[in-house]
């Protein structure tokens with residue numbers, strides 16, 4: 001994805017406030033350069049396998065994301081910020097997510113470090129796909145675990161679908 005070019009970052013604060021006051025759409029972004037100056041050498045523990053076989057101690061690369069969005073005018077908080085805070089508030093120690101979110105963990109580790117939160121262990125699994133090769137996802141109203149079980153899929157069938165032993 002193209003990185004944010006920093007267009008509004010160079011605006012004087014009074015001009016930003018004026019535009020926001022006029023109801024213009026806006027996004028609150030994490031200044032990646034400033035954030036990385038405060039949190040260098042981030043890593044996470046991966047018990048799954050990343051896209052290129054990454055496992056064990058994985059180096060986070062949040063700089064690849066540029067100045068990530070933390071909130072928007074119409075959305076009080078981004079996915080990245082929400083999951084980091086939610087996991088911490090719930091005392092989550094192990095996170096299991098699809099492989100499509102593997103590199104998002106770099107941003108999550110950065111936010112955890114900046115907020116003083118204990119990082120959980122991670123396991124990313126390959127995606128469950130339909131017959132056409134599309135990932136099964138809530139956002140596409142795809143078949144969920146409940147429906148797979150109702151259709152007769154056994155626990156071992158489900159584990160095999162997500163590449164678990």
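Per-structure values
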read-out	value
Residue match in the range 129-148 (condition: assigned to a strand (DSSP E or B) and in contact (Cβ under 8 Å) with a residue 60 or more places away in the chain)	no
Any hit, the range 3-17, residues being within 18 Å of residue 103 (Cα to Cα) and surrounded by fewer than 14 Cβ atoms within 10 Å (Cβ to Cβ)	yes
Some residue of the range 25-41 being part of a loop (DSSP other than H, G, I, E, B), touching a strand residue (DSSP E or B) at 6+ places or on another chain (Cβ under 9 Å) and at pLDDT 95 or above	yes
Breaking point among (1) under 30 Å from residue 7 (Cβ atoms); (2) modelled with pLDDT under 95; (3) out of contact with any strand residue (DSSP E or B) (no Cβ under 9 Å at 6 or more places or on another chain); (4) surrounded by fewer than 13 Cβ atoms within 10 Å (Cβ to Cβ), for residue 103	(4)
Residue that is closer than 19 Å to residue 116 by Cα, surrounded by fewer than 13 Cβ atoms within 10 Å (Cβ to Cβ) and assigned by TED's automatic domain parsing to the domain that holds residue 113, where the choices are 34, 64, 39	34
Residues within the range 149-165 that are in a loop (DSSP other than H, G, I, E, B) and under 25 Å from residue 46 (Cβ atoms), tallied	4
Test: residue 52 is exposed (fewer than 15 other Cβ atoms within 10 Å of the Cβ) and either assigned to a helix (DSSP H, G or I) or not assigned by TED's automatic domain parsing to the domain that holds residue 122 (or both)	no
Exclusive hit being in the same structural domain as residue 87 (by TED's automatic domain parsing) and either surrounded by 14 or more Cβ atoms within 10 Å (Cβ to Cβ) or at pLDDT 85 or above (or both), set 115, 136, 161, 148	115
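The values are calculated or read from the model by the stated rules, or taken from the named source; none is laboratory data. The model shown is predicted, which means the values in this text are computed figures rather than measured ones. With ideal geometry, Cβ positions are generated from the backbone for all residues, glycine too; neighbour counts draw on all protein chains shown.
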